[in-house]
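The block underneath contains the structure these notes are about, expressed in structure tokens.
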Amino acid sequence: MSAVVPARGVLLEAMPTETSFEVVAVQLPLVAQLSDGWPTRAGEVRWDAMGRPVMLHIGIDRWLLPTANAEVMDLARCAVTAGSCVMFEVTGKWQVFRCQDRSIARILSSSIDIDAILEQSECARLVVFDCPAIITRRTHVHWILIQRSYCASFHTAITSAAAAGSAPGGPSGASR
């Protein structure tokens, strides 16, 4: 694991790249055809025993499997074998960051209101500091997935926001 340390001591851990997949439904409505264990509500997340997100419902009939553990892969393969879904390997598309620092919501506030966004769902696919992202959290741990080609921009933006001491609405107080 490598670490990115923006100003003011906020620690974002860049997690190692793991084999990952996106699963897309091809038979609709799909939810009735899925076995137990699938997150079926929009924004729902399945977590592993170590507290990592392993299956995120990121869009209509679309899931991201950022950490392809055996149990989740079995669920996905069953859906593919049944002809309900197709699965694409997307290893390297997303960089996963973990942040246990409670101030991350304040820092992100210059771009988004993460508390409001995650009020009704466990994860959201959105744009953070002009970077395509997926964000989820469990207790006080935030998981931020950034499209890999935007990682340098994200690092620059989050470092700048941390240094500016972002307040709700952004450093200038303006809403975005």
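The values are calculated or read from the model by the stated rules, or taken from the named source; none is laboratory data. Quick caveat: nothing in here was measured; it's all calculated off a predicted structure. No Cβ is skipped: glycine too gets one built from the backbone with ideal geometry, and neighbour counts run over all protein chains shown. SASA here: full protein model, heavy atoms, side chains in, ligands and nucleic acids out. Shrake-Rupley method; radii C 1.70, N 1.55, O 1.52, S 1.80 Å.
Okay, here's what the table says:
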read-out: Answer residue from region 70-103, given it is more than 21 Å from the chain's Cα centre (by Cα) and part of a loop (DSSP other than H, G, I, E, B) and is surrounded by the most Cβ atoms within 10 Å (Cβ to Cβ) among those; value: SER84
read-out: The one condition in (1) assigned to a strand (DSSP E or B); (2) farther than 15 Å from VAL45 by Cβ that ARG106 fails to fulfil; value: (1)
read-out: Selected residue (criterion: modelled with the lowest pLDDT) from residues of region 41-57 that are open to solvent by 20 Å² or more (accessible area, probe 1.4 Å) and closer than 21 Å to VAL90 by Cα; value: ALA42
read-out: Residue check for ALA124: closer than 24 Å to PRO53 by Cα and modelled with pLDDT of 85 or more; value: yes
read-out: Test for THR19: is it part of a loop (DSSP other than H, G, I, E, B) and either open to solvent by 70 Å² or more (accessible area, probe 1.4 Å) or in contact with a Ser or Thr (Cβ under 9 Å, 6 or more places away or on another chain) (or both); value: yes
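Every residue, every condition in (1) modelled with pLDDT of 90 or more; (2) among the basic types (Lys, Arg); (3) in contact with a Ser or Thr (Cβ under 6 Å, 6 or more places away or on another chain), yes or no:
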position: GLY83; (1), (2), (3): no, no, no
position: VAL86; (1), (2), (3): yes, no, no
position: TRP94; (1), (2), (3): yes, no, no
position: PHE97; (1), (2), (3): yes, no, no
position: ASP101; (1), (2), (3): no, no, no
position: VAL128; (1), (2), (3): yes, no, yes
